[in-house]
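S.K.: Here it is, the structure, as C-alpha cells.
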Amino acid sequence: MVQLIVGKKGKGKTKCLLDKVNNEVKNIAGSVVYLDKSTQHMFELNNKVRLINVNDYGVENADQFLGFVEGILSQDHDLQQMYFDSFLDIAHLRGEDIRTAVNKLRDLSAQFKTEFILSVSMDKSELPEELVPLVIIDL
C-alpha cells in the first residue's frame, strides 16, 4: 500500500509524518525505516525507527532512488513500513511526473508486503487523478 500526505511546503506534512510513524511503530512487529534528506529529525523519531539520510548515498535521480529503496528492501525481510519525508526531493522528482515512481512503489509494496507513506509537497489538486485516492492527509 502507498499512502500520500500532501500539501504545499510549510503546511506541516513532516509533523504529520513524524506523528504517524511514532504512533504506528508501537503496534508494528516488523522494522520501520524513515528516509529523509538530512538527520534533522533524528531526535523526534522513536528509537525503533531507522532514519536514513538519502543524501549520504549519492542518489542522483529517480531510478537510483528506486534502486536504493529496493536495496533496503533486500536487506531487511521484516521491513513493514517505509516513510519518505520530502519525497519529491529525495527521489529527485520535483517538477516531474511522479506517477511512474509511485506505481513502482505500489508494485514493490505488493511484492514485499511493505507499506510506503510519502510526504509530497503538492496540493491535492496538482496530483495526477489516478493518485488522488492514495491521499490520507491533505493539508
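Since every read-out is calculated from the coordinates, none of them should be taken as a lab result. Note that the coordinates shown come from a computational prediction; the quantities given were computed from them, not determined experimentally. With ideal geometry, Cβ positions are generated from the backbone for all residues, glycine too; neighbour counts draw on all protein chains shown.
S.K.: Answer yes if at least one residue in region 67-77 is farther than 15 Å from L17 by Cβ and acidic (D, E), and no otherwise.
M.R.: Step one: of region 67-77, the residues farther than 15 Å from L17 by Cβ are 67-77.
So of that shortlist, the ones also acidic (D, E) come out as 70, 76.
There is at least one residue in region 67-77 that is farther than 15 Å from L17 by Cβ and acidic (D, E).
A quick yes/no check of all residues on (1) in contact with a Phe, Trp or Tyr (Cβ under 7 Å, 6 or more places away or on another chain); (2) under 22 Å from E96 (Cα atoms); (3) of a type in the set (V, I, T); (4) without any contact (Cβ under 8 Å) to a residue 60 or more places away in the chain:
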| site | (1), (2), (3), (4) |
| --- | --- |
| K37 | no, yes, no, yes |
| H41 | no, no, no, yes |
| N46 | no, no, no, yes |
| L51 | yes, no, no, yes |
| N61 | no, yes, no, yes |
| Q64 | no, yes, no, yes |
| V69 | no, yes, yes, yes |
| D78 | no, no, no, yes |
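S.K.: Among the numbered criteria (1) touching a strand residue (DSSP E or B) at 6+ places or on another chain (Cβ under 8 Å); (2) crowded, with 17+ Cβ neighbours inside 10 Å, which one does N22 miss?
M.R.: (2)
S.K.: Out of the residues in region 3-19 that are touching a helix residue (DSSP H, G or I) at 6+ places or on another chain (Cβ under 8 Å) and buried (at least 22 other Cβ atoms within 10 Å of the Cβ), which is farthest from T114 (Cα to Cα)?
M.R.: Of region 3-19, the ones touching a helix residue (DSSP H, G or I) at 6+ places or on another chain (Cβ under 8 Å) are 3-7, 18.
Those still in the list that are buried (at least 22 other Cβ atoms within 10 Å of the Cβ) too: 4-6.
On the way: L4: 15, I5: 17, V6: 20 Å.
Applying the filter and picking the extreme gives V6.
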